[in-house]
Amino acid sequence: MTEPRQVAIVGSGPAGLTAAIYTSRAQLSPLVIEGEPSSTSDQPGGQLMLTTEVENYPGFVDGIMGPELMQSFREQAARFGADYVTAKVSRVDLSARPFGVWVGDPDAPEPTYSAEALIISTGAQSLMLNLANEERLLGYGVSTCATCDGFFFRGRDIAVVGGGDSALEEALFLTRFADRVTVIHRRGELRASKVMQQRAFAHEKISFLWNSSVIDVLGDTTVTGVRVRDNISEEESTLELAGLFVAIGHQPNTSLFKGQLEMEENGYLRTFDGTRTNVDGVFACGDVQDHRYRQAITAAGSGCMAAIDAERWLDDRHSAEH
Ligand SMILES: Cc1cc2nc3c(=O)[nH]c(=O)nc-3n(C[C@H](O)[C@H](O)[C@H](O)COP(=O)(O)OP(=O)(O)OC[C@H]3O[C@@H](n4cnc5c(N)ncnc54)[C@H](O)[C@@H]3O)c2cc1C
């Protein structure tokens, strides 16, 4: 095991890297365990690595590509002394300080790293339909975020997949831009609340395709349509459209912390009084504790909060000890 660090940060999306910028500028030499390369959003840089143009991150008048934005965050923190390890955390021990953090073999007797304060920014993942062309066209007409991408579909026909409150919320929001929004739902009735259903049923731009599953996404460089199967008749058809919003839920990356940190019923980490968790010295920021806003700027904002909370917590401990 290496010498205990003052601060370790797990995750390198906008939340973790903002926490790294602030803690490195506060001379705390943070160790960022940034995740491992993968084809999902669970990779160094986080969810924005999967997207193309980001037009709503303040400061970039003409927009910026998601991976380029995350590379700048990373370099900015490195400039002030943040250290990076490209690996996934496989286990944490939050029962005593310094907290133990394992990468590689979770059964190794000693943790790989340890830290007085831990900032958790492991983010979340959008649940996907798991179709090959859906992955290929993500950021090119396939989206998981109406707030982020709705603006790109002005005057176009689009579809939303899902039947819960968030699918209808996305559909209603998208009516501001799109000419027609088709909600594709695999069942014959919605899970969404009655009030959301009433709003969606009453909206002239929204129509429903019931008992239907998307089985393929069409298009060479951008989405041109989807293949849909009727789950009752098993007939297949093509729907021409310019965008597909997948709104079938999100999964926070919190399995590592089960039994150690308090979570909401939906698995998101519970924070108190800013970014504190139920364990003194452990802070959580970004999408791992936010199922409401889920934006790069809110994740970055809460990364800043976690860094300041951790700095003050470390200061208070040092003053109490001396
Ligand atoms: C396709 C797409 C497009 C989007 N477009 C926009 C947009 O235009 N504008 C906008 O504001 N928002 C957009 N978002 C949302 C935005 O990306 C997220 O809100 C933001 O990335 C959340 O940041 P985060 O740091 O909390 O988590 P994430 O970005 O999810 O990062 C999580 C990090 O944790 C790491 N991690 C997870 N588990 C472990 C582990 N065990 N060990 C080590 N590391 C781990 C991952 O590797 C990753 O580095 C988009 C999201 C998607 C999916």
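Some observations on this one:
- Some residue of region 80-98 being of a type in the set (A, V, I, L, M, F, W, C) and within 25 Å of residue 212 (Cα to Cα): no
- Every listed requirement among (1) part of a helix (DSSP H, G or I); (2) surrounded by 12 or more Cβ atoms within 10 Å (Cβ to Cβ); (3) away from the ligand (no atom under 16 Å from the Cβ) is met by residue 238 save one, (1).
- Hits in region 28-64 - residues which are over 20 Å from residue 298 (Cβ atoms), free of Cβ contacts under 8 Å to residues at least 40 places away in the same chain and surrounded by 13 or more Cβ atoms within 10 Å (Cβ to Cβ): 43
- For the condition small (Gly, Ala, Ser) and either closer than 26 Å to residue 132 by Cβ or part of a loop (DSSP other than H, G, I, E, B) (or both), residue 233 qualifies.
- Test for residue 97: is it surrounded by fewer than 23 Cβ atoms within 10 Å (Cβ to Cβ), assigned to a helix (DSSP H, G or I), touching a residue at least 40 places away in the same chain (Cβ under 8 Å) and of a type outside the set (Phe, Trp, Tyr): no
- Checked against the criteria, residue 286 counts as under 16 Å from the mean Cα position of the chain (by Cα), surrounded by 13 or more Cβ atoms within 10 Å (Cβ to Cβ) and either away from the ligand (no atom under 12 Å from the Cβ) or small (Gly, Ala, Ser) (or both).
- In region 290-322, the residues that are over 14 Å from residue 18 (Cβ atoms) and surrounded by 19 or more Cβ atoms within 10 Å (Cβ to Cβ): 294
- Residues in region 1-38 that are within 14 Å of residue 70 (Cβ to Cβ) and of a type in the set (Ser, Thr, Tyr) were compared, and the one that is farthest from the chain's Cα centre (by Cα) is 18.
- Yes/no for residue 114 being modelled with pLDDT under 95, surrounded by fewer than 24 Cβ atoms within 10 Å (Cβ to Cβ) and either out of contact with any Pro (no Cβ under 9 Å at 6 or more places or on another chain) or not hydrophobic (A, V, I, L, M, F, W, C) (or both): no
- Residue within region 47-54 that is of a type outside the set (Phe, Trp, Tyr), over 16 Å from the mean Cα position of the chain (by Cα) and at pLDDT below 95 present: yes
- Figure legend. Inter-residue proximity from region 295-307: first residues free of Cβ contacts under 8 Å to residues at least 40 places away in the same chain, second residues more than 8 Å from the ligand (Cβ to nearest atom) and assigned to a helix (DSSP H, G or I), beta-carbon distance below 9 Å, spacing 6+ or different chains. Indicated pairs: 305/19.
- Within region 55-73, considering residues that are over 16 Å from the mean Cα position of the chain (by Cα) and in a helix (DSSP H, G or I), the one nearest to residue 3 (Cα to Cα): 73
- Selected residue (only one of 76, 27 is assigned to a loop (DSSP other than H, G, I, E, B) and not hydroxyl-bearing (Ser, Thr, Tyr)): 27
- Restricting 14, 37 to residues that are out of contact with any Asp or Glu (no Cβ under 8 Å at 6 or more places or on another chain), at pLDDT 95 or above and closer than 23 Å to residue 143 by Cα narrows the list to 14.
- Restricting 217, 279, 223 to those that are at pLDDT 95 or above, assigned to a loop (DSSP other than H, G, I, E, B) and buried (at least 22 other Cβ atoms within 10 Å of the Cβ) reduces the list to 223.
- Qualifying position, being outside any loop (DSSP other than H, G, I, E, B), closer than 24 Å to residue 99 by Cβ, within 12 Å of the ligand (Cβ to nearest atom) and not small (Gly, Ala, Ser), among 22, 84: 84
- Matching residues in region 21-48 - criterion: being among the hydrophobic types (A, V, I, L, M, F, W, C) and within 19 Å of residue 290 (Cα to Cα): 48
- A single entry from 193, 255, 212 fulfils the requirement of being among the hydroxyl-bearing types (Ser, Thr, Tyr) and surrounded by 18 or more Cβ atoms within 10 Å (Cβ to Cβ): 212.
The values are calculated or read from the model by the stated rules, or taken from the named source; none is laboratory data. Quick caveat, the model's predicted, so the values are computed rather than measured. Cβ atoms come from the backbone with ideal geometry, glycine included; neighbour counts cover every protein chain shown.
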